[in-house]
Amino acid sequence: MKKPQADFTPIEKMLMVGVAFRVVLQSIRLGLFDALAAGPVSVEALASRQGYQPKPVQALLDLLETYDLVERGPDGYRNTAKTKEFLESASPFYQGKSLEMSSRFGEIVDNDFEALLRGECDMRSRTDSNWNSRDSMDGTAQYSFLGGLQDMVAFVAALPNFQDMRLMGDIGGNHGEYSMALLDQNPDLAGEILDLPHVVPASNERIAARGYAHRLRAEAFDLRATPLEADQYDLLIASHVLYGFVDELPDIFTMLHNALRPGGWLATHHLDPEGGAREIRNGVEFITRMAGYRTHHISRDQLRNAFERAGFVDVSFKSEEGCRRGLLAAGRKA
């Protein structure tokens, strides 16, 4: 009998990774990581507490241990450091809603795979219509706290005249975390979140709940159709939104340049194709193209050229080694 020459194991591992992700998501939904937060907990105690059978619980914990999400000791199982940080709901870096949001994107692709390949399914409109939901806002906000928000705030706060700025516009700001964090860095700064009309009420609710309504408000704005008035902002920021307009960047940047006051700055936050993490980068790019966008990654040269064509000066780029995120800022001549 013939035997295969190649190794099937890598494909089988991909299957098991898919199984493991679904297990993690269900474990979050059932509160199992929170139940292990004060561990160690024995299999029997955990099963009894949750109302489950010990044998499947043992298999569940063994699988989670394989991916270094729990660890076993003489007194039972407990969460590992990364689980405590990302999968326990009390952590400031909890990613439960973020993972749920990513799972929903995956389900859309799975359910309409061939239609998306043929261009017969408008995934972009479906996702755009959902950006005002609490779950989507929470998921996007949670993901931003993995480092992107912190990097962007530090980058912008280090701009030469940041403390002299008085009005900022956050393009596609949605949940408002970037704006609120920047307001914390400059007590004299006020802001506007510029987002799609159906997102505005939910954004303003979040702003009010956080106590920023006296300095920050959401306004209806569509980068595809809405012009900004000239000379009104000291700072404009755009985080993970410009990829949807990669073919119109020179025209968009010209409009944004003119909306800045002399000496003002535009700062962008995007996925950098030169920043490493190949498996994640290609996965994000696949979902993005299936959704109908041309790309999710904008190269630093594309951005720099579009900035310069629009008349910006002092273009500066920052990307940490091995980091998928890129930061680029450019100023309007004073």
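The values are calculated or read from the model by the stated rules, or taken from the named source; none is laboratory data. The shown structure was predicted, so the numbers you read here are calculated from the model rather than taken from an experiment. Quick reminder, even Gly has a Cβ in these numbers, built from the backbone with ideal geometry, and neighbours come from all protein chains shown. Accessible surface areas use protein heavy atoms only, side chains included; no ligands, DNA or RNA. Shrake-Rupley method; radii C 1.70, N 1.55, O 1.52, S 1.80 Å.
What to note about this one:
- Every pair of residues 6+ apart whose Cβ atoms lie under 8 Å, when the first sits in segment 85-104 and is closer than 16 Å to residue 133 by Cβ while the second is part of a loop (DSSP other than H, G, I, E, B): 96/87; 96/89
- Candidates 263, 292, filtered to the one that is in contact with a helix residue (DSSP H, G or I) (Cβ under 8 Å, 6 or more places away or on another chain), within 25 Å of residue 221 (Cβ to Cβ), in contact (Cβ under 8 Å) with a residue 60 or more places away in the chain and surrounded by fewer than 17 Cβ atoms within 10 Å (Cβ to Cβ): 292
- Within segment 1-60, the set of residues being more than 29 Å from the chain's Cα centre (by Cα), among the charged types (D, E, K, R) and either assigned to a loop (DSSP other than H, G, I, E, B) or surrounded by 15 or more Cβ atoms within 10 Å (Cβ to Cβ) (or both) comprises 2, 3, 7.
- Scan segment 1-39 for residues that are hydroxyl-bearing (Ser, Thr, Tyr) and in contact with a helix residue (DSSP H, G or I) (Cβ under 8 Å, 6 or more places away or on another chain) and the total you get is 1.
- Of all residues in segment 84-98, none are among the hydrophobic types (A, V, I, L, M, F, W, C), in a helix (DSSP H, G or I) and loosely packed, with under 15 Cβ neighbours inside 10 Å.
- Taken residue by residue, segment 76-84 has at least one member that is within 27 Å of the chain's Cα centre (by Cα) and over 23 Å from residue 141 (Cα atoms).
- The residue list 177, 248, 205 contains one member that is open to solvent by 60 Å² or more (accessible area, probe 1.4 Å) and either touching a helix residue (DSSP H, G or I) at 6+ places or on another chain (Cβ under 6 Å) or within 22 Å of residue 293 (Cα to Cα) (or both), which is 248.
- Counting only residues that are touching a strand residue (DSSP E or B) at 6+ places or on another chain (Cβ under 9 Å) and of a type in the set (D, E, K, R), segment 125-152 holds 1 of them.
- Those residues of segment 220-245 which are surrounded by 15 or more Cβ atoms within 10 Å (Cβ to Cβ) and of a type outside the set (A, V, I, L, M), in sequence order: 221, 232, 233, 234, 239, 240, 243, 244, 245
- Count of residues meeting criterion [assigned to a strand (DSSP E or B) and more than 19 Å from the chain's Cα centre (by Cα)] in segment 237-260: 1
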